[in-house]
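The values are calculated or read from the model by the stated rules, or taken from the named source; none is laboratory data. The structure presented is a predicted model; accordingly, all values stated were derived computationally and were not measured. Cβ placement follows ideal geometry from the backbone for every residue including glycine, while neighbour counts extend to all protein chains displayed.
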């Protein structure tokens, strides 16, 4: 049985299959979002620790990269079972550091396991392509690992987003260095321990704790061949620019301003539930959250049902906190600015108090209406449980608003008309589209990734595109003589 990570005030790194105490430098103090309680201390990795982790990954790749893919997926098969066995423990760790409801935390882990499952199918997907291009001449393509690769992940999904990256990367034959958000550092270490207990060789998966300076060290490390990133758009743009300038392959997913379009023929009950869940799930801290509701035509009854549904949600019960006091104050500041500009705060989540979590960082469900066109808040990613309502006369007006956004992550429409849905889906400029789905996250093997300023780089971070990202193609042309020899007859 794998051992649980010991309670410690100092969050460790995970290198060569073992925890490495973090020490030295400036200490970052961790705080529980649900109650404001101190959780521990993190010392960001500096040059020597990053070098040690990359060196461990480089040494492990000498053997790991030569193994057949069928052997590489065996630890992942066992890892999946171990994660399921320890699901409650992982969810509790996520709840403690991120503040998510335990059900939300479990759902995120399970979504990550879908990518693990897809990774275990790689023996059937990485086979060589062979074609006889002329008599006696064959051309073939095989995909090979890159070597040492890295992932940089955000606070909002401490298990799911790392599992979007490392299972496919290591199944493809790479070795991996993960830099999780300094706000949720413990879950990735626990995942590393489970990978070790599943039989993954030491050094194939490593975790370095850190901050922005640690990210810079990874982007400058010459032995790292590729980097995947998920975070805000400004950070994604910066990571992509710096990583590619250093000769790395980079896929960086950024932020979003997702629009939910409601037309008069939508089902009021189902729409209200889906829109409310999209806007407030994970306290609105996800790049797939619906943040702008565009009501087309006479949709008043549906809008009122949405307002009523969101008003029924109780912080601390159906909603968790946001990640920090700083995040809470920023979100409240956005609501204050909207109100000062003349917007109607139809539902006000400011000043929420939760019994037993009085020191927690809560923002309740919030609905704004009446923002003037061109208001910065209509284009700004608030990253909290705030829904802005806009009203238009036609579906094409709604599409014009959505398509004017610099982002292109997700967009959804709620309708009972197939023709309306088809019109919307064929014209909207977003990488992930929902029809009566408020959070249109594709399931594997359909990859996750947006368009425009929601993505920097090429392809999706999961699915078949991820296989292409984490590998490189070798093309071989073979010609054999047709001359007969005695031993052939």
| query | What's the number of the condition residue 482 fails, among (1) at pLDDT below 95; (2) assigned by TED's automatic domain parsing to the domain that holds residue 226? | reply | (2)
| Odd one out for residue 225 among (1) closer than 21 Å to residue 26 by Cβ; (2) surrounded by fewer than 24 Cβ atoms within 10 Å (Cβ to Cβ); (3) touching a residue at least 60 places away in the same chain (Cβ under 8 Å) | (1)
| said: Name the residue that is surrounded by the fewest Cβ atoms within 10 Å (Cβ to Cβ), counting only residues in the stretch 210-222 that are part of a helix (DSSP H, G or I), in contact (Cβ under 8 Å) with a residue 40 or more places away in the chain and in contact with a strand residue (DSSP E or B) (Cβ under 8 Å, 6 or more places away or on another chain). | reply: 214
| request: Mind telling me which of the residues 382, 401 ends up being buried (at least 20 other Cβ atoms within 10 Å of the Cβ) and assigned by TED's automatic domain parsing to the domain that holds residue 300? | output: 382
| Given the structure, is residue 390 under 25 Å from residue 254 (Cβ atoms) and buried (at least 21 other Cβ atoms within 10 Å of the Cβ)? | no
| said: Here is a list: 331, 367. Which entry is farther than 27 Å from residue 263 by Cα, touching a residue at least 12 places away in the same chain (Cβ under 8 Å) and not assigned by TED's automatic domain parsing to the domain that holds residue 184? | reply: 331
| remark: Restricting the stretch 431-479 to residues that are in contact with a helix residue (DSSP H, G or I) (Cβ under 8 Å, 6 or more places away or on another chain), free of Cβ contacts under 8 Å to residues at least 60 places away in the same chain and in a loop (DSSP other than H, G, I, E, B), the one nearest to residue 293 (Cα to Cα) turns out to be 442
| said: surrounded by fewer than 24 Cβ atoms within 10 Å (Cβ to Cβ) and closer than 18 Å to residue 389 by Cα: which single residue out of 279, 325, 305 fits that description? | reply: 305
| query | Can residue 130 be described as without any contact (Cβ under 8 Å) to a residue 12 or more places away in the chain and more than 30 Å from residue 84 (Cα to Cα)? | reply | yes
| Quick one: how many residues across the stretch 215-236 are under 16 Å from the mean Cα position of the chain (by Cα) and within 26 Å of residue 467 (Cβ to Cβ)? | 8
| task | Would you check if residue 338 is over 26 Å from the mean Cα position of the chain (by Cα) and surrounded by 24 or more Cβ atoms within 10 Å (Cβ to Cβ)? | result | yes
| query | Scanning for something touching a residue at least 60 places away in the same chain (Cβ under 8 Å) and not assigned by TED's automatic domain parsing to the domain that holds residue 249, does the stretch 418-427 turn up at least one residue? | reply | yes
| field | Filter result for the condition that a residue is touching a residue at least 40 places away in the same chain (Cβ under 8 Å), closer than 17 Å to residue 469 by Cα and either assigned by TED's automatic domain parsing to the domain that holds residue 215 or not in a loop (DSSP other than H, G, I, E, B) (or both), over 251, 260 | value | 251
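Condition check ((1) crowded, with 20+ Cβ neighbours inside 10 Å; (2) over 20 Å from the mean Cα position of the chain (by Cα); (3) part of a loop (DSSP other than H, G, I, E, B); (4) modelled with pLDDT of 95 or more) across all residues:
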| residue | (1), (2), (3), (4) |
| --- | --- |
| 106 | no, no, no, yes |
| 156 | yes, no, yes, yes |
| 167 | yes, no, no, yes |
| 173 | yes, yes, yes, yes |
| 177 | yes, no, no, yes |
| 184 | yes, no, yes, yes |
| 188 | yes, no, no, yes |
| 191 | yes, no, no, yes |
| 199 | no, yes, yes, yes |
